[in-house]
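A short worksheet on the structure shown next.
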């Protein structure tokens, strides 16, 4: 694919191709500039995205404006492409949810998602959004952070010790592409990476990493109750609220820091449990319908549609495939 160049800045516009080809064009862009990934949109059709990208020291910096969609990196993508770079996603507007391993992080404006591309991940961009995405050399962060998990903190919060400083570094890197002297770029990009590493070292990751530290303790109890009772058919807002002695309105307010409604959160947890069982050899002989019922789905048609929308494969196709749960 061709990126249009203006000085040191390359531009990408999805409108340069016809609507049916726009998501394919976007996939090619992601693979060319970052690494192999799988973008998807609900319902197909057109896809709008605009990107300005360039080099800043040893970093690749991209300013992205795009419509809501999902981006996944699967085991198959990892096998087909190298993982010698890592990604940092700085949210400017809109909301996203980031999944990697056991982490589930709500990414709000000003937050940073730290993405290890050697492991499967999903970035669910649930609103039209703007962001700055930085690609950095993996070996640099291995040298800065040492052995063990690369990113103990998958999300750096905007109001954390280093959040505001890093936000300025993202903006500086975008503004100074091709403008600063090479020595200045090299120095600033090195400081940027060192500060990102310091943010990872600055204390233990939150226990509930997908929620702010200010989250009411009651929400943790509600989430634990729901996870332990996903198979139940009585997880309605009135029943849940009654169980905890709160109003339905307050129950819904509790979910605001999660970035999902109660219904959306329940659906995702049920689908994730179904996916895990469908891809676990211990459940090979268990009918798909039984797995769905045991995870709280009473309508198999709805389950099938929801599963396909979430994972881009049918429940039957998920068995034996190397895709990762989100």
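Regarding residue 36, is this residue farther than 23 Å from residue 258 by Cα, assigned to a loop (DSSP other than H, G, I, E, B) and without any contact (Cβ under 8 Å) to a residue 60 or more places away in the chain?
yes
Would you mind stating whether residue 134 is buried (at least 19 other Cβ atoms within 10 Å of the Cβ), in contact with a helix residue (DSSP H, G or I) (Cβ under 7 Å, 6 or more places away or on another chain) and not assigned by TED's automatic domain parsing to the domain that holds residue 256?
It is true that residue 134 is buried (at least 19 other Cβ atoms within 10 Å of the Cβ), in contact with a helix residue (DSSP H, G or I) (Cβ under 7 Å, 6 or more places away or on another chain) and not assigned by TED's automatic domain parsing to the domain that holds residue 256.
Could you list, in sequence order, the residues of the stretch 48-77 that are surrounded by 19 or more Cβ atoms within 10 Å (Cβ to Cβ), assigned to a loop (DSSP other than H, G, I, E, B) and touching a strand residue (DSSP E or B) at 6+ places or on another chain (Cβ under 7 Å)?
74
Consider residue 210 against the criteria (1) at pLDDT below 85; (2) under 22 Å from residue 95 (Cβ atoms); (3) in the same structural domain as residue 135 (by TED's automatic domain parsing): it satisfies all of them except one. Which criterion is unmet?
(3)
In the set 9, 107, which member is under 27 Å from residue 155 (Cβ atoms) and either buried (at least 19 other Cβ atoms within 10 Å of the Cβ) or in contact (Cβ under 8 Å) with a residue 12 or more places away in the chain (or both)?
Values: 9 fails: under 27 Å from residue 155 (Cβ atoms).
Answer to the selection: 107.
For the stretch 80-87, indicate whether the set of residues that are touching a helix residue (DSSP H, G or I) at 6+ places or on another chain (Cβ under 7 Å), part of a strand (DSSP E or B) and surrounded by fewer than 22 Cβ atoms within 10 Å (Cβ to Cβ) is non-empty.
Yes, there is a match, as at least one residue in the stretch 80-87 is touching a helix residue (DSSP H, G or I) at 6+ places or on another chain (Cβ under 7 Å), part of a strand (DSSP E or B) and surrounded by fewer than 22 Cβ atoms within 10 Å (Cβ to Cβ).
From 164, 197, 231, grab the single residue that is closer than 23 Å to residue 130 by Cβ and at pLDDT 80 or above. Give the derivation first.
On the way: 197 fails: closer than 23 Å to residue 130 by Cβ; 231 fails: closer than 23 Å to residue 130 by Cβ.
Only one candidate qualifies: 164.
Taking the condition surrounded by fewer than 20 Cβ atoms within 10 Å (Cβ to Cβ), in the same structural domain as residue 171 (by TED's automatic domain parsing) and free of Cβ contacts under 8 Å to residues at least 24 places away in the same chain, does residue 27 pass?
Yes.
Do the conditions hold for residue 145, that is, is it under 17 Å from residue 110 (Cα atoms), in contact with a helix residue (DSSP H, G or I) (Cβ under 9 Å, 6 or more places away or on another chain) and surrounded by 13 or more Cβ atoms within 10 Å (Cβ to Cβ)?
Here the answer is no, as residue 145 does not meet what is asked.
On the basis of being buried (at least 20 other Cβ atoms within 10 Å of the Cβ), assigned by TED's automatic domain parsing to the domain that holds residue 55, in contact with a strand residue (DSSP E or B) (Cβ under 8 Å, 6 or more places away or on another chain) and farther than 23 Å from residue 55 by Cβ, does residue 120 make the cut?
Details: buried (at least 20 other Cβ atoms within 10 Å of the Cβ): yes; assigned by TED's automatic domain parsing to the domain that holds residue 55: yes; in contact with a strand residue (DSSP E or B) (Cβ under 8 Å, 6 or more places away or on another chain): yes; farther than 23 Å from residue 55 by Cβ: yes.
So residue 120 passes the test.
Only one residue in 41, 92 is surrounded by fewer than 20 Cβ atoms within 10 Å (Cβ to Cβ), assigned by TED's automatic domain parsing to the domain that holds residue 163, touching a helix residue (DSSP H, G or I) at 6+ places or on another chain (Cβ under 7 Å) and at pLDDT below 95, so which one is that?
41
The values are calculated or read from the model by the stated rules, or taken from the named source; none is laboratory data. Keep in mind it's a predicted model, so treat the numbers as computed, not measured. Neighbour counts run over all protein chains shown; Cβ positions are idealised from the backbone, glycine included.
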